[in-house]
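Down below is the structure, laid out as structure tokens.
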Ligand code: GTR
């Protein structure tokens, strides 16, 4: 009898030890505003997949797409508090937390997509990713944002003067509000998910976004005039919660950072494909697409001069560095 009890005790102790030593499973959540089949969401899922593979399933990242965890501003706040682990957002709402990021989202900042990627993949991009730590985020990687164009339900816009007086929705960012004012239009900051109904009910006359957003949010159904002025390329960023990341081992932090970087090429590839598909779809749907002449495009650029002039010294310095990138 004594032997049996001893044996049982040994088994119990062994089991307790085994459970205690088994690596702890970690489940993390990522907030995404776009639907499941959107290129950016697939980029998030690639990141999640790589983290899972590289930790042998010890860390799971669950991607909550389609605003399930809230609109971007709220998601960013939750990440800052550590209540959500990651979010993929446009840089625009993040600038409310780290002012100097404005340098990366000024209208007509980049000559083209290639210039933007050289900046983001170089020392400026790295330094900007690090800068978000001051607001308790960990900057993980950049995703392709495409370029943004104006659209509205009222009339064809060819040059800046045609925007005069229109009520235009912007992202929740001071710089975007000013951009619209300098164009002579009326800015209305709204969360992304409210734009469709605001357009439909006439609360706003227009908005601005890239081809895939114009398409997938059905904005093209209610705002038929699209002008390809390309005023913005606002980098998209994947951020993690510093509070959460600091609790992980150095090795896990590295795995997460590397997985994010390694997810970028897929997002870029799918993005390029989606831009074409969306452009095609809205064109076929009968939207009035206008490609401004270089002179007409210049009217938008010229209207931005005061926005550049009023930037603080720190941002002026970064602007110069960005312009110098060849
Ligand atoms: C999209 C971007 C979203 C969101 C949206 C908006 O292009 O991918 O993250 O910022 O624009 O205008 O709110």
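The values are calculated or read from the model by the stated rules, or taken from the named source; none is laboratory data. Please read these numbers as outputs of a predicted model, since none were measured by experiment. Cβ atoms come from the backbone with ideal geometry, glycine included; neighbour counts cover every protein chain shown.
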- prompt: For segment 150-167, what are the residues that are surrounded by fewer than 24 Cβ atoms within 10 Å (Cβ to Cβ) and touching a helix residue (DSSP H, G or I) at 6+ places or on another chain (Cβ under 8 Å)?
  reply: 153, 155, 156, 158, 159, 161
query: Across segment 226-243, which residue is surrounded by the most Cβ atoms within 10 Å (Cβ to Cβ) among those that are more than 16 Å from the ligand (Cβ to nearest atom) and under 24 Å from residue 135 (Cα atoms)?
result: 240
- request: State all residues of segment 146-179 that are in a loop (DSSP other than H, G, I, E, B), under 22 Å from residue 302 (Cβ atoms) and within 16 Å of the ligand (Cβ to nearest atom); if no residue qualifies, say none.
  value: 147, 173
task: Quickly run through segment 179-189 and pick out the residues that are crowded, with 18+ Cβ neighbours inside 10 Å and over 18 Å from residue 157 (Cα atoms).
output: 188
message: Could you check segment 226-249 and list, in sequence order, the residues that are assigned to a loop (DSSP other than H, G, I, E, B) and without any contact (Cβ under 8 Å) to a residue 24 or more places away in the chain?
response: 247, 249
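Go over the candidates 182, 196, 214, 226 one by one and state the one that is touching a helix residue (DSSP H, G or I) at 6+ places or on another chain (Cβ under 7 Å), modelled with pLDDT of 95 or more and under 25 Å from residue 77 (Cβ atoms).
Sole residue among the options that is touching a helix residue (DSSP H, G or I) at 6+ places or on another chain (Cβ under 7 Å), modelled with pLDDT of 95 or more and under 25 Å from residue 77 (Cβ atoms): 196.
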- prompt: Among 242, 284, which is under 18 Å from residue 88 (Cα atoms) and at pLDDT 95 or above?
  reply: 242
Whichever residue in segment 126-137 is touching a residue at least 40 places away in the same chain (Cβ under 8 Å) and not in a strand (DSSP E or B) and, among such residues, is surrounded by the fewest Cβ atoms within 10 Å (Cβ to Cβ): 133
statement: Of the residues in segment 205-225, those that are more than 10 Å from the ligand (Cβ to nearest atom) and either assigned to a strand (DSSP E or B) or closer than 22 Å to residue 184 by Cα (or both) come to 205, 206, 223, 224, 225
- line: residue 66 passes all but one of the listed conditions (1) under 23 Å from residue 146 (Cβ atoms); (2) buried (at least 18 other Cβ atoms within 10 Å of the Cβ); (3) out of contact with any helix residue (DSSP H, G or I) (no Cβ under 8 Å at 6 or more places or on another chain); the exception is number (2)
- line: Only one of 106, 140, 101 is touching a helix residue (DSSP H, G or I) at 6+ places or on another chain (Cβ under 9 Å) and assigned to a loop (DSSP other than H, G, I, E, B), namely 106
task: Among what's in segment 191-215 and is surrounded by fewer than 19 Cβ atoms within 10 Å (Cβ to Cβ) and under 16 Å from the mean Cα position of the chain (by Cα), pick the residue that is nearest to residue 270 (Cα to Cα).
output: 193
query: Just one of 89, 119, 98 is closer than 26 Å to residue 28 by Cα and surrounded by 19 or more Cβ atoms within 10 Å (Cβ to Cβ); which is it?
result: 89
query: What number goes with the only condition from (1) within 29 Å of residue 263 (Cα to Cα); (2) in contact with a strand residue (DSSP E or B) (Cβ under 6 Å, 6 or more places away or on another chain) that residue 186 does not pass?
result: (1)
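Just checking, does segment 180-191 include any residue being more than 28 Å from residue 277 (Cβ to Cβ), within 15 Å of the ligand (Cβ to nearest atom) and part of a helix (DSSP H, G or I)?
Yes: segment 180-191 contains one or more residues that are more than 28 Å from residue 277 (Cβ to Cβ), within 15 Å of the ligand (Cβ to nearest atom) and part of a helix (DSSP H, G or I).
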message: Tell me which helices (runs of 4 or more DSSP H) are completely within segment 1-85 and hold 3 or more residues being more than 18 Å from the chain's Cα centre (by Cα) and modelled with pLDDT of 95 or more, or say none if there are none.
response: 39-54
- request: With the checklist (1) in the same structural domain as residue 160 (by TED's automatic domain parsing); (2) within 16 Å of the ligand (Cβ to nearest atom) in hand, flag the one item residue 201 doesn't pass.
  value: (2)
message: On the basis of being without any contact (Cβ under 8 Å) to a residue 40 or more places away in the chain, part of a helix (DSSP H, G or I) and either within 23 Å of residue 72 (Cα to Cα) or away from the ligand (no atom under 16 Å from the Cβ) (or both), does residue 252 make the cut?
response: no
